[in-house]
Every structure is written in C-alpha cells, then in structure tokens.
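In what follows, a single structure is set out as structure tokens and then discussed.
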C-alpha cells in the first residue's frame, strides 16, 4: 500500500482518474478548481469526447458530478454495435 506524503489541506481532495486502456492518475482538486468530474479530467490532462461514458465509483456520472475525497473517475469509450 502506498502512502500519500502530501499534507491534506482544507478544501483539497484527492481522486483517481482512469481512462480505459490508459493509466491511472491521482489528482488533487481544491475549492478554486471545484470538485467536479470536469475539473478532475482537466487536472489529469484528459478531454471528454462525445459518446464516452463517465463513471464515478462504478456508477454512471456526468461532467457536473460532484466528487469526494478518494473517488475513482473512469472514462471509457462509447459502446458500438447494434443493427
């Protein structure tokens, strides 16, 4: 288990952002940037593309979903198929 050496500051949360087929990045979000999925993706250097699915803790989410400390945001490609 890894330990964070960064001292927690009031209003700062740490979340992990993962893109399917990519790496997992831990980012710090503060009150200035907000605690939304959009802020987390931006901090991780990822851009949402139309049709991609967003999940927080395995549950469907959107760009405005508010995050809490320890959340895991997953960005995956759209599902293709059908007739």
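At-a-glance table
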item: DSSP beta bridges in the range 13-76 [antiparallel fraction, %, rounded to 5]; result: 75 percent
item: Cβ-Cβ FRET estimate between residue 76 and residue 30, R0 fixed at 41 Å, reported to 0.05; result: 0.95
item: Cα-based convex hull, the range 13-76, per residue volume (Å³, whole number); result: 72 Å³
item: Linear extension gain, residue 66 paired with residue 20, 0.36 nm per residue minus alpha-carbon span; result: 14.5 nm
item: Packing rank of 57-63, 24-30, where each peptide gets the mean count of other beta carbons within 10 Å, highest leading; result: 24-30, 57-63
item: Spin-label pair residue 55/residue 12, simplified geometry with 7 Å Cα→Cβ offset, distance in nm; result: 3.0 nm
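Taken together, the values in this text are just the output of simple stated rules run on the coordinates, not laboratory data. Values in this document were obtained by computation on a predicted structure and should not be read as measured data. FYI the Cβ positions are ideal-geometry reconstructions off the backbone, even for glycines, and counts take in every protein chain you see.
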